[in-house]
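To start, the structure under review is shown below, and the notes come after it.
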Amino acid sequence: MNDAIEIKLLSQDKYQDWNDYVTAKEDGTFFHLAQWQQVIEKAFGHKTYMYYACSGGASGERIVGVLPLAHVKSMLFGNNLVSMPFTVYGGALADSDEIRKKLEQQACELARQLNVDSLELRERKINNPDWPTKELYVTFRKEISADDEENMKAIPRKQRAMVRKGIKAELVSEVDENIDRFFDAYSHSVWRLGTPVFSKKYFQILKDTFKEQCDIVTITKDDEVVASVMNFYFRDEVLPYYGGGKDSARGLAGNDFMYWEVMRRAVKKGCKIFDFGRSKEGTGAYSFKKNWGFTPEPLPYQYYLVKADKMPEINPNNPKYKFFIDTWKKMPLGVSRFIGPMISKNLG
């Protein structure tokens, strides 16, 4: 069987076959979908390497494994090959450990050819016990009911009170067809946190590329934007991924109401899993998601080191970025929206 397996690079005519494979795999994720090749190359200009393993035969080529990769290189944040940057999950999907190893061997060879610092696989389980592993992040996933009242009761009491506060404040949720109100709320929120904003172009590309698998839920009060979130849909899962609130959100429980509305609307779409995404332990986002009754699950990101002698530390917890974060918070919002995309495109 080993001799029959070929490793190839993805072309657009194979997108549907790739996505059919990802969707059918139990450990497949939204972030394994082929369209990320277009998103990353169009939005950020990073070169992608979308490898798939295939077997031949009388019936023709059949995909038996995939491994999406992108090369993110900058003077400020290093030179790394990642599966996948700008996403929560990645790594190889394969029909067997043998095929997975062949894909990973190909990735390691590419990492050496590109002379990167490291290869990073953002996996949900440890596949290579001998590789350096970072457990900086956890993810929050939970089954949701088809009944709104059951989902409301499943939210712990204190957090449920916040959702009801938003309802009492007569907040309104709307699905936006364009990204303008979302970008206003999102960029305001990340600026307050001292984080460089992604470009408006990036979010438009996401919306245009993923179409019905991507929507925006915006929360308003008296026609004024309070909060907004961009959501991804994959199989029977909803993933609220990029979001933020204006200054009014805290007093109105806008974020609590927003995620409740995402959940409520997702149930109507037939979703059964709510994926709250990753957070770092000890952060406000981590506490917020736990308060919703979600249990953290470790994300063991694994590394193959090439030039580097240790795993990269590209995250806000790294002390060397503290001055940068504090400075960014003092920058005018308009300036942060202009400069931010030049930096964030290399954060991955």
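Read the figures in this text as sums done on the coordinates, not as results from a lab. Keep in mind the model is a prediction, meaning the values are calculated, not measured. When we count neighbours, we look across all protein chains shown, and the Cβ atoms used for this are built from the backbone with ideal geometry, even at glycine.
With +1 on each Lys and Arg Cβ and -1 on each Asp and Glu Cβ, and nothing else charged, work out how big the dipole of the stretch 145-271 is about its Cα centre, in Debye to the nearest 20.
Around 500 debye, computed over the stretch 145-271.
Convert 25 °C to kelvin, take the viscosity as 0.890 mPa s, use the Kirkwood radius over C-alpha pairs of the stretch 27-118 as Rh, and evaluate the Stokes-Einstein diffusion coefficient in µm²/s, rounded to a whole number.
177
Once both axes come from the Cα atoms, what is the angle between helix 333-344 and the longest principal axis of the chain, in degrees from 0 to 90, rounded to 10?
With rounding to tens, the tilt is 20 degrees.
For the stretch 145-271, just the Cα atoms, rotate onto the principal axes and tell me the three extents in Å, largest first.
Projected onto its principal axes, the Cα set of the stretch 145-271 covers 39, 34, 25 Å.
Along the Cα→Cβ direction, 7 angstrom out, place labels at Ser248 and Lys125. What is the inter-label distance in nm?
Once both label points are built, they end up 4.7 nm from each other.
Could you work out the helix-only [θ] at 222 nm for the chain, with each DSSP H run of four or more residues adding -39,500 (n - 2.57) and the total divided by the number of residues, to the nearest 500 deg cm²/dmol?
-11000 deg cm²/dmol
If Rh is defined by the Kirkwood formula over all Cα pairs and Rg also comes from Cα, what ratio Rg/Rh do you get for the chain?
Here Rg/Rh amounts to 0.97.
Towards the positive end of the charge dipole of the chain, with charges on Cβ (+1 Lys, Arg; -1 Asp, Glu), say which of Val225, Tyr202, Val138 has the farthest Cα.
Val225
Ordered by packing density, taken as the mean number of other Cβ atoms within 10 Å over each peptide's residues, highest first, how do 284-291, 61-68 rank?
Result, highest mean first: 61-68, 284-291.
Would you tally the net charge around Tyr304, using a Cβ to Cβ cut-off of less than 12 Å, leaving Tyr304 out, and scoring K and R as +1, D and E as -1?
With Lys, Arg at +1 and Asp, Glu at -1, the neighbours total -3.
In debye, nearest 20, what is the charge dipole magnitude of the stretch 176-216 about its Cα centre with +1 on Lys and Arg Cβ and -1 on Asp and Glu Cβ, if you could check?
The calculation lands at about 240 debye.
Dipole of the stretch 1-123 (Lys/Arg Cβ +1, Asp/Glu Cβ -1, origin at the Cα centre): which of Gln35, Leu121, Phe77 lies farthest to the positive side?
Phe77
Find the all-direction average of the projected area of the Cα convex hull for the stretch 56-169, expressing the result in square nanometres with one decimal place.
The number I arrive at for the stretch 56-169 is 13.1 nm².
Once R0 is set to 35 Å, what does the formula 1/(1 + (r/R0)^6) return for the Cβ-Cβ distance between Thr220 and Lys269, expressed as a FRET efficiency to the nearest 0.05?
Once the sixth-power term is evaluated, E becomes 0.95.
Between the stretch 1-62 and the stretch 114-156, how many Å separate their Cα centres?
First find each Cα centre; the distance between them is then 22 Å.
Where does helix 157-168 land angle-wise versus the long Cα axis of the chain, in degrees 0 to 90, nearest 10?
60
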